[in-house]
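The values are calculated or read from the model by the stated rules, or taken from the named source; none is laboratory data. Everything numeric here is computed off the predicted structure, so don't read it as measured data. No Cβ is skipped: glycine too gets one built from the backbone with ideal geometry, and neighbour counts run over all protein chains shown. Side chains included, ligands, DNA and RNA excluded: accessible areas come from the protein's heavy atoms. Shrake-Rupley method; radii C 1.70, N 1.55, O 1.52, S 1.80 Å.
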Amino acid sequence: QVHLVESGGGLVQPGGSLRLSCAASTTIFNINAVGWYRQAPGKERGLVATITSSGDRNYAEFVKGRFTISRDNAKKTVYLQMNSLKPDDTAVYYCNTQWPWGDYWGQGTQVTVSS
């Protein structure tokens with residue numbers, strides 16, 4: 001069982017920044033890839049960024065150059081640094097880790113970009 005807790009969301013003005021955190025309950029978290037997803041009202045949940053256990057990163061086109069995913073294995077935490085935020089980035093952000101026996105999701109953290 002892997003318990004994930006996201007934090008760091010909030011209300012920010014366009015052009016602002018936030019850093020989201022995804023903290024895991026167990027060190028087994030460190031040996032697997034982690035993804036950040038987001039879901040806006042009325043839309044499907046979609047992939048934002050992923051990071052492998054060795055630190056390889058991939059990003060959705062719409063966040064390239066603005067968002068950075070990273071991980072600190074000593075803290076069992078994955079981060080999503082979000083810069084140059086736009087109103088279209090408004091969504092609930094979730095972290096996810098996938099295992100042969102199932103997927104684990106956090107409860108999500110709300111990000112609202114508005115003036």
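What accessible surface, in Å², does a 1.4 Å probe find on PHE62, ignoring ligands, DNA and RNA and rounding to the nearest 10?
That residue has around 100 Å² of solvent-accessible surface.
Can you work out the FRET efficiency for the pair ASN58 and ILE31, with r the C-beta to C-beta distance and R0 = 22 Å, to the nearest 0.05?
Efficiency, rounded to the nearest 0.05: 0.75.
Which whole-number percent is the relative contact order of the chain (Cα, under 8 Å, 6+ apart)?
Normalised by residue count, the contact order of the chain is 37 percent.
Taking 0.36 nm per residue of sequence separation and subtracting the Cα-Cα distance, how much length would be gained by fully extending the chain between SER7 and THR112, in nm to one decimal?
Extra length available between SER7 and THR112 comes to 36.5 nm.
LEU11: accessible area at probe 1.4 Å, nearest 10 Å²?
Rounded to the nearest 10, the figure is 130 Å².
Can you give the FRET efficiency to the nearest 0.05 for ARG45 and THR68, using r as the Cβ-Cβ distance and R₀ = 22 Å?
Once the sixth-power term is evaluated, E becomes 0.60.
Give the long-range amide H neighbours of GLY106: residues separated by 5 or more places, or on another chain, with amide H under 5 Å away, using H modelled in the peptide plane at 1.01 Å from N.
CYS95
I want to check the label-to-label distance for SER17 and LYS86. Put each point 7 Å from Cα in the C-beta direction and report it in nm to one decimal.
So the two model labels end up 1.9 nm from each other.
Whole-Hz Karplus ³J(HN,Hα) for the range 67-77, in order, using 6.51 cos²θ - 1.76 cosθ + 1.60 and θ = phi - 60°, x for Gly and Pro?
Those phi angles translate into 10, 9, 9, 8, 9, 10, 5, 4, 9, 6, 9 Hz.
Could you pull out the GluC sites (Glu not before Pro) across the range 1-70 that fall in loop regions by DSSP (anything but H, G, I, E, B) with no more than 10 other Cβ atoms inside 10 Å?
GLU44
Which value, in debye to the nearest 20, describes the size of the charge dipole of the chain about its Cα centre when Lys and Arg Cβ atoms bear +1, Asp and Glu Cβ atoms bear -1, and nothing else is charged?
Dipole size: approximately 180 debye.
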